[in-house]
Protein chains: 2
Amino acid sequence: MIQQRIDKLQAALRGRNLDAFLVTEPANRRYLSAYTSTDHGIQESSGVLLIPKKGRPWLLTDSRFELQAKEETQGFTVELYKKGLFVLLKTLLAGLGARRLAFESHYFLHAAVGRMEKVLGNDVELVPVTNLVERMRLIKSEEEIGRLKKAVLLNERVFQQVHSTVVPGMTEIEIALTIERIMREMGAERPSFETIVAFGSNAAKPHAVPSDRVLKEGEIVLIDMGLVLEGYCSDMTRTFTVGKPDNLFIDRLRVVRQAQLAATKALRAGAVCREVDLAARQIIVDAGYGSCFGHGLGHGVGLAVHEAPRLSSRNRKQLRAGMIVTIEPGIYFPGWGGIRLENMAVVREDGCELFNEDLTGLDL
Amino acid sequence: MIQQRIDKLQAALRGRNLDAFLVTEPANRRYLSAYTSTDHGIQESSGVLLIPKKGRPWLLTDSRFELQAKEETQGFTVELYKKGLFVLLKTLLAGLGARRLAFESHYFLHAAVGRMEKVLGNDVELVPVTNLVERMRLIKSEEEIGRLKKAVLLNERVFQQVHSTVVPGMTEIEIALTIERIMREMGAERPSFETIVAFGSNAAKPHAVPSDRVLKEGEIVLIDMGLVLEGYCSDMTRTFTVGKPDNLFIDRLRVVRQAQLAATKALRAGAVCREVDLAARQIIVDAGYGSCFGHGLGHGVGLAVHEAPRLSSRNRKQLRAGMIVTIEPGIYFPGWGGIRLENMAVVREDGCELFNEDLTGLDL
């Protein structure tokens, strides 16, 4: 599988008259090498790939990651940079006789390009490239789809286990940490993003950070959580109340759920991204909540929790079979709170296959 | 405090003939605005600052972060980008009559500079700037030093609580999650990096990722942990064994501890960074372990867990009073394991003030 991906990328390099390609984006690095290390931000990389237009590729890293890099990769030569990445790169490129080096312009710091130019000198032309590997990742294989579905089903099991224990008196942080503990106990590598747990008016912030706010009877609880399983991410949101919900909550939840169902129905290969967004948005607008839905309907998911395609009112691209998307309409009311529901599905030729099976709180 | 920092930055902009400055680096953003939001990687910013050379600055974000941005900042105008950051920027710059816009070249994607140029057009000259705010952050005020010390002392309390419960049969992940839970229960915002817990031979990887490996009697346990308290980071490493350590472990631990003490003694304003590294390194070399110490001695800490100055054998800069550094020598043996000890200290005119108070396992 890795070898096929490298072959395909190398063919693309030859087609663009590129001698080598430097892979810095962490999900691309994992996709092409199986190296699982994560980075501490863009300024602290745990390694990059150097893919020549043909022949054996390299994984370049430092001594901290040497053992892991050698254990996890096959078909790669692991080299350590001791005097910096660019100095090592100069040597390897000279050995290849490479003159045109492509780099990932969308995951390369502006200042670092300047430093790289200085070290490599005039012998090597730097060619900025964007989203070359991301485009390969856009359409998932059946194996990848299987892993994504497994991640979603595990996500649901974690959610259900925590959901059944939520009672007044708990704090947002307490629930968030419980979720992250249970997901790892159940086999997840890590959360795919920082778990959101928001009570009451805090749920009006789509990206709320869990606080020590204490849950009261009857309050809204919004949980947006994701995990990583075998490299692939899940992303799921549920909104419910502890105790009996009032009618306003039920009405608003119903609007969001109807919007979600409408979008799910509109999802299929050939559908335009913005039309899927609008299928959900129209229902929210019709209910009088148009101004309360400030974000896009959804996004792609794979090795990264946020990737292409974006389901937004501005994206005029068509969906293709094998793409994965979230369907997450939400409405937010400062002071009152918010409601968001998020599922994940794979786009198929004649519709979509929803990964989520649990209907807790959605069976309206 | 925020206002003083803005004043100082604006004076620096005027001194460089810059009309405005775009702040994208998250720790710089927090330093200048008190806005606490964190980003989901460089590609998903929760907002940027636009600092004009004089007058009121802006915080530019999207609707997801509007409430938080308004709650947390004072003296900033919060503006939402609906058609993208660069379109909003164009309008604001035109209103200012700004012709020269500086941006943080070390925290700006190469591809994004291209897109920004395209939107802003010929009216605005883009000026790459590096580490302007980082240099302001390098010397900590007494208030910042107080917060950093508080973070370290909380870190020690969390460590002690967990340390006393470590027994054979526990897994690396279990201990790591317990640490992260307890730190939040004790008031930390979040871990400052992913907690490292490594048993036995796993401790040979300086950046080991916790696994489901089960702890056995007599094995090495290396814990490298940090937390964020009131925005400021701690970073601390301890290595111990469960049960009675063998003589080889004790000998090696003693070498690392002696190296750490030597470096602590060498730390003072005016000392050259590489000389502090070498003070520790020489002891490790003399013990015959020179090739086992593959990383630098330490790094600065503040709003970011890794910042300047680097204590490495290549850094010829001098330390100044008010800088914060880690002192973390380590030796690693594939197959056997590794030992690292890490403290934090503030550089003073006549020496250093060690933040750490706990000597568990160091009292050799």
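This table checks each residue for (1) at pLDDT 95 or above; (2) of a type in the set (Ser, Thr, Tyr).
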position	(1), (2)
B:289	yes, yes
B:300	yes, no
B:315	yes, no
B:319	yes, no
B:326	yes, yes
B:341	yes, no
B:352	yes, no
B:363	no, no
Restricting the first residue to region B:157-171 and requiring it to be closer than 21 Å to residue B:228 by Cβ, which pairs with a second residue that is assigned to a helix (DSSP H, G or I) meet a Cβ separation below 6 Å and a spacing of at least six or different chains? B:158/B:182; B:158/B:183; B:161/B:182; B:162/B:178; B:162/B:179
Does region A:128-153 hold any residues that are touching a helix residue (DSSP H, G or I) at 6+ places or on another chain (Cβ under 9 Å) and not basic (Lys, Arg), and which are they? A:128, A:129, A:130, A:131, A:132, A:133, A:134, A:136, A:144
Mind listing whichever residues of region A:92-150 are aromatic (Phe, Trp, Tyr) and out of contact with any His (no Cβ under 7 Å at 6 or more places or on another chain)? A:103, A:107
Does residue A:323 satisfy the criteria of being crowded, with 23+ Cβ neighbours inside 10 Å, farther than 17 Å from residue A:259 by Cβ, under 16 Å from the mean Cα position of the chain (by Cα) and not basic (Lys, Arg)? yes
(1) assigned by TED's automatic domain parsing to the domain that holds residue B:92; (2) touching a Lys or Arg at 6+ places or on another chain (Cβ under 9 Å); (3) not hydrophobic (A, V, I, L, M, F, W, C) all hold for residue B:118 apart from (2)
Consider residue A:47 carefully, then state whether it is on the phi > 0 side of the Ramachandran plot and either in contact (Cβ under 8 Å) with a residue 40 or more places away in the chain or more than 14 Å from every other protein chain (Cβ to nearest Cβ) (or both). no
Condition first: under 22 Å from residue B:141 (Cβ atoms) and assigned to a loop (DSSP other than H, G, I, E, B). Now tell me which residues in region B:308-331 satisfy that. B:317, B:319, B:320, B:321, B:322, B:323
Hits in region A:269-287 - residues which are crowded, with 16+ Cβ neighbours inside 10 Å and either touching a helix residue (DSSP H, G or I) at 6+ places or on another chain (Cβ under 8 Å) or not assigned by TED's automatic domain parsing to the domain that holds residue A:298 (or both): A:275, A:276, A:277, A:279, A:280, A:281, A:283, A:284, A:287
By my count, strands (runs of 3 or more DSSP E) wholly in region B:203-299 with at least 1 residues that are among the aromatic types (Phe, Trp, Tyr) and closer than 29 Å to residue B:166 by Cα are B:236-241
Which one is nearest to residue A:93 (Cα to Cα) among residues in region A:54-82 that are of a type in the set (A, V, I, L, M) and assigned to a helix (DSSP H, G or I)? A:69
Determine which single condition residue A:231 fails, assuming it passes every other condition in (1) surrounded by 23 or more Cβ atoms within 10 Å (Cβ to Cβ); (2) at positive phi. (1)
Within region B:276-290, track down each residue that is under 26 Å from the mean Cα position of the chain (by Cα) and among the charged types (D, E, K, R). B:277, B:281
Being within 16 Å of residue B:40 (Cα to Cα) and either without any contact (Cβ under 8 Å) to a residue 24 or more places away in the chain or within 12 Å of chain B (Cβ to nearest Cβ) (or both) is the filter here, so list the residues in region A:299-314 that pass it. A:299, A:304, A:305, A:306, A:307, A:308
The one condition in (1) within 14 Å of chain B (Cβ to nearest Cβ); (2) assigned to a loop (DSSP other than H, G, I, E, B); (3) surrounded by fewer than 21 Cβ atoms within 10 Å (Cβ to Cβ) that residue A:17 fails to fulfil: (1)
Where residues in region B:78-87 are within 14 Å of chain A (Cβ to nearest Cβ) and within 22 Å of residue B:28 (Cβ to Cβ), which of them is surrounded by the most Cβ atoms within 10 Å (Cβ to Cβ)? B:78
In region A:88-127, what residues are farther than 21 Å from residue A:13 by Cα and within 12 Å of another protein chain (Cβ to nearest Cβ)? A:109, A:110, A:111, A:112, A:114, A:115
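The values are calculated or read from the model by the stated rules, or taken from the named source; none is laboratory data. From a predicted model like this one, the values you see are computed outputs, not experimental measurements. A quick note on method: Cβ atoms are made from the backbone with ideal geometry, for glycine too, and the neighbour counts reach across all protein chains shown.
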